[in-house]
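Asks: What follows is a structure written as structure tokens; I'll ask about it next.
The values are calculated or read from the model by the stated rules, or taken from the named source; none is laboratory data. In this text the structure is predicted, and so the values were computed from the model without any measurement. Quick reminder, even Gly has a Cβ in these numbers, built from the backbone with ideal geometry, and neighbours come from all protein chains shown. Accessible surface is based on the protein model in full, side chains and every heavy atom, while ligands, DNA and RNA are left aside. Shrake-Rupley method; radii C 1.70, N 1.55, O 1.52, S 1.80 Å.
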Amino acid sequence: MDKYLLRPHRQKTQLILNFKTHYIMKIKLIAFLAIGSSLLALNTCHSSDDSKNENANTTNLPSVIITKPQIRNLPNAITIAGQAIANQEVKLFAMGNGYVKMWKYDIGDMVKKGQTLAVLGNPELMEEQVKAKAELDGDAAIYNRLESVYSKTPELVPLEQVDEAKAKYESAVAGLNVVDSEINYLTIRAPFDGIITNRYVDTGAIVQNGLDRPYTEPLFKIQDILTIRVNVSVPEINSPYVTKGTPVSITFVDLPNTVFNASVSRIAYGLSEDTKTMLIQIDLPNRDHVIHPGMFANVNFTTSATDSVLSVPNQAVGSYEQQTFIYKVIPVDSASGNLNWENGVKCMVKKVNVQLGVQNATYSQIKYGGLKAGDNVVISGNAQCADGSMVIAKVVKNL
């Protein structure tokens with residue numbers, strides 16, 4: 001009887017145990033699915049972050065514009081800035097001490113060589129001149145008398161006395177000549193035909209000898225502007241193509257509608273140590289005085305053309321400490337043959353030292369350097385480049 005009474009209880013216990021087991025397995029399954037979802041989400045998040053980081057790194061790279069060097073025929077016509085100077089120019093100083101007694105010409109006056117510009121006064125020199133003349137007259141009288149007596153009766157006057165009187169007389173002549181020369185220096189004359197461009201002193205001003213006093217104020221400034229010299233500093237790379245007689249056309253900023261045709265008059269040949277340029281000069285007739293010293297000029301040199309040379313746009317050329325260079329870009333994914341240069345390609349920058357040849361307003365010849373026609377060189381964004389840096393390189397059509 002007890003056996004049958006216990007059976008329902010056992011069935012109920014077994015039912016509870018089965019329910020618990022099922023419940024625990026369900027919890028484990030839910031936990032497993034949750035962990036799997038978390039891992040999947042975590043992996044997805046990492047993948048997304050990596051993609052974002054890669055895109056961010058690419059986006060942060062500077063962009064540059066590139067082009068390829070090409071074989072061109074370069075017309076060797078170069079335009080260089082120059083400056084007009086006077087054919088001759090001098091500041092006139094006094095060669096003796098004195099005061100300005102009078103001046104005859106002022107700023108803008110044309111003068112001829114040898115004309116008197118001003119006269120200085122020096123009372124002390126005038127007194128010395130009077131004294132020297134008096135001494136000369138006395139010595140001349142003594143010498144003439146002794147020489148006359150000796151010529152008639154040589155036994156009355158010793159020859160030594162005559163010679164002594166002669167020497168004293170000649171010394172007096174030399175002394176007077178010195179004083180006369182100093183007085184002559186008080187007259188300021190024009191050294192050449194020209195125009196007075198400045199007058200520094202007025203009547204009555206005290207002036208000092210400019211021969212041994214370098215800081216003395218000058219009296220006048222005079223320029224010869226009947227012929228104008230145009231000074232041009234030709235860069236080293238262009239200097240071999242400019243010779244004496246090379247044709248030039250010159251325009252001045254202040255005379256925009258006038259073209260002066262001439263040729264190179266003289267060449268310095270040596271290069272400046274500081275600028276590595278060669279000075280050349282062109283002479284221009286200036287009878288009408290339309291060209292003024294100090295005017296800036298544009299000088300166009302016409303030389304022979306250079307055929308079939310490797311060249312790049314001038315924007316690609318950089319220079320530092322007298323070394324010329326170009327930035328070349330190399331694709332990071334160099335194995336890919338389908339690079340979209342219009343949208344931009346990730347590249348590494350390489351600095352290439354080069355030597356230039358002919359250079360005109362647009363292109364520069366590459367004479368030497370690790371560069372060839374198929375390379376890609378930077379023509380915009382050079383300031384963002386450095387050897388070994390990364391950039392996004394693009395090609396712009398119709399540049």
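Asks: Of ASN198, ASN257, which residue is surrounded by fewer than 16 Cβ atoms within 10 Å (Cβ to Cβ) and at pLDDT below 95? Outline the logic, then answer.
Replies: On the way: ASN198 fails: at pLDDT below 95.
Being surrounded by fewer than 16 Cβ atoms within 10 Å (Cβ to Cβ) and at pLDDT below 95 holds for just one of ASN198, ASN257, which is ASN257.
Asks: Among what's in the range 344-372 and is among the aliphatic types (A, V, I, L, M) and open to solvent by 50 Å² or more (accessible area, probe 1.4 Å), pick the residue that is modelled with the lowest pLDDT. Spell out the reasoning first.
Replies: Kept after step one, since they are among the aliphatic types (A, V, I, L, M), are these residues of the range 344-372: 345, 348-349, 352, 354, 356, 358, 361, 366, 371.
Going one step further and asking which of them are open to solvent by 50 Å² or more (accessible area, probe 1.4 Å), we end up with 348, 361.
On the way: MET348: 95, ALA361: 76.
Checked the range 344-372; the qualifying residue modelled with the lowest pLDDT is ALA361.
Asks: Which condition number in (1) in a strand (DSSP E or B); (2) free of Cβ contacts under 8 Å to residues at least 60 places away in the same chain; (3) of a type in the set (D, E, K, R) is the one that LYS244 fails?
Replies: If we test LYS244 against (1) in a strand (DSSP E or B); (2) free of Cβ contacts under 8 Å to residues at least 60 places away in the same chain; (3) of a type in the set (D, E, K, R), just (1) comes out false.
Asks: Return the residue satisfying two criteria in turn: it lies in the range 314-327 and is touching a residue at least 24 places away in the same chain (Cβ under 8 Å), in a strand (DSSP E or B) and out of contact with any Gly (no Cβ under 8 Å at 6 or more places or on another chain), and of such residues it is surrounded by the fewest Cβ atoms within 10 Å (Cβ to Cβ).
Replies: Within the range 314-327, the subset touching a residue at least 24 places away in the same chain (Cβ under 8 Å) is 314-318, 322-327.
Still in the list and also in a strand (DSSP E or B): 317-318, 323-327.
If we keep only those that are out of contact with any Gly (no Cβ under 8 Å at 6 or more places or on another chain) as well, we get 317-318, 323.
Values: VAL317: 20, GLY318: 16, GLN323: 11.
Per the stated criteria, the residue is GLN323.
Asks: While we're on this one: Within the range 144-174, restricting attention to residues that are crowded, with 18+ Cβ neighbours inside 10 Å and touching a residue at least 24 places away in the same chain (Cβ under 8 Å), which residue is farthest from ALA134 (Cα to Cα)?
Replies: Going through the qualifying residues, I end up with ALA165.
Asks: When you go through PHE296, PHE301 one by one, which is the residue that is surrounded by 15 or more Cβ atoms within 10 Å (Cβ to Cβ), aromatic (Phe, Trp, Tyr) and either modelled with pLDDT under 90 or touching a strand residue (DSSP E or B) at 6+ places or on another chain (Cβ under 7 Å) (or both)? Give the steps one after another, and end with the answer.
Replies: On the way: PHE296 fails: surrounded by 15 or more Cβ atoms within 10 Å (Cβ to Cβ).
From the options PHE296, PHE301, the qualifying one is PHE301.
Asks: Right, next: Can you pull out every residue in the range 199-241 that is under 29 Å from the mean Cα position of the chain (by Cα) and assigned to a loop (DSSP other than H, G, I, E, B)?
Replies: Once the filter is applied, which keeps residues that are under 29 Å from the mean Cα position of the chain (by Cα) and assigned to a loop (DSSP other than H, G, I, E, B), the range 199-241 yields GLU236, ILE237, ASN238.
Asks: Shifting gears a bit: What is the residue count in the range 214-230 for residues that are open to solvent by less than 40 Å² (accessible area, probe 1.4 Å) and either under 13 Å from ILE282 (Cβ atoms) or of a type in the set (S, T, N, Q) (or both)?
Replies: So the first thing to find is which residues in the range 214-230 are open to solvent by less than 40 Å² (accessible area, probe 1.4 Å), and the list is 216, 218-220, 222-225, 228, 230.
Right, trim to either under 13 Å from ILE282 (Cβ atoms) or of a type in the set (S, T, N, Q) (or both) and you get 216, 223, 228, 230.
Counting residues in the range 214-230 that are open to solvent by less than 40 Å² (accessible area, probe 1.4 Å) and either under 13 Å from ILE282 (Cβ atoms) or of a type in the set (S, T, N, Q) (or both) gives 4.
Asks: Scan the range 263-293 residue by residue and report those that are assigned to a strand (DSSP E or B), open to solvent by less than 90 Å² (accessible area, probe 1.4 Å) and closer than 14 Å to ALA84 by Cα. Let's see the steps before the verdict.
Replies: Applying the first criterion (assigned to a strand (DSSP E or B)) to the range 263-293 yields 263, 266-271, 277-285.
Still in the list and also open to solvent by less than 90 Å² (accessible area, probe 1.4 Å): 263, 266-268, 270-271, 277-284.
Across the range 263-293, the qualifying residues are LEU279, ILE280, GLN281, ILE282, ASP283, LEU284.
Asks: May I ask you to say which residue of SER311, SER334 is surrounded by fewer than 16 Cβ atoms within 10 Å (Cβ to Cβ), among the polar types (S, T, N, Q) and more than 23 Å from the chain's Cα centre (by Cα)? Before you say what the answer is, go through the steps one by one.
Replies: On the way: SER311 fails: surrounded by fewer than 16 Cβ atoms within 10 Å (Cβ to Cβ).
That would be SER334, the only listed residue that is surrounded by fewer than 16 Cβ atoms within 10 Å (Cβ to Cβ), among the polar types (S, T, N, Q) and more than 23 Å from the chain's Cα centre (by Cα).
Asks: Another question, if that's okay. Are any of the residues in the range 83-93 surrounded by 14 or more Cβ atoms within 10 Å (Cβ to Cβ), touching a helix residue (DSSP H, G or I) at 6+ places or on another chain (Cβ under 8 Å) and in contact (Cβ under 8 Å) with a residue 12 or more places away in the chain?
Replies: There is no residue in the range 83-93 that is surrounded by 14 or more Cβ atoms within 10 Å (Cβ to Cβ), touching a helix residue (DSSP H, G or I) at 6+ places or on another chain (Cβ under 8 Å) and in contact (Cβ under 8 Å) with a residue 12 or more places away in the chain.
Asks: Just wondering, is there one or more residues in the range 231-242 that are surrounded by 12 or more Cβ atoms within 10 Å (Cβ to Cβ), among the aromatic types (Phe, Trp, Tyr) and closer than 20 Å to PRO75 by Cβ? Quick ask: steps written out before the conclusion?
Replies: First, pick out the residues of the range 231-242 that are surrounded by 12 or more Cβ atoms within 10 Å (Cβ to Cβ): 231-242.
Remaining after also requiring among the aromatic types (Phe, Trp, Tyr): 241.
This time we only want the ones that are closer than 20 Å to PRO75 by Cβ, so: 241.
Yes: one or more hits.
Asks: Something else: Could you tell me whether VAL178 is of a type in the set (A, V, I, L, M, F, W, C), more than 30 Å from PRO285 (Cα to Cα), in a helix (DSSP H, G or I) and open to solvent by less than 70 Å² (accessible area, probe 1.4 Å)?
Replies: Working: of a type in the set (A, V, I, L, M, F, W, C): yes; more than 30 Å from PRO285 (Cα to Cα): yes; in a helix (DSSP H, G or I): yes; open to solvent by less than 70 Å² (accessible area, probe 1.4 Å): no.
When the stated conditions are applied, VAL178 does not pass them.
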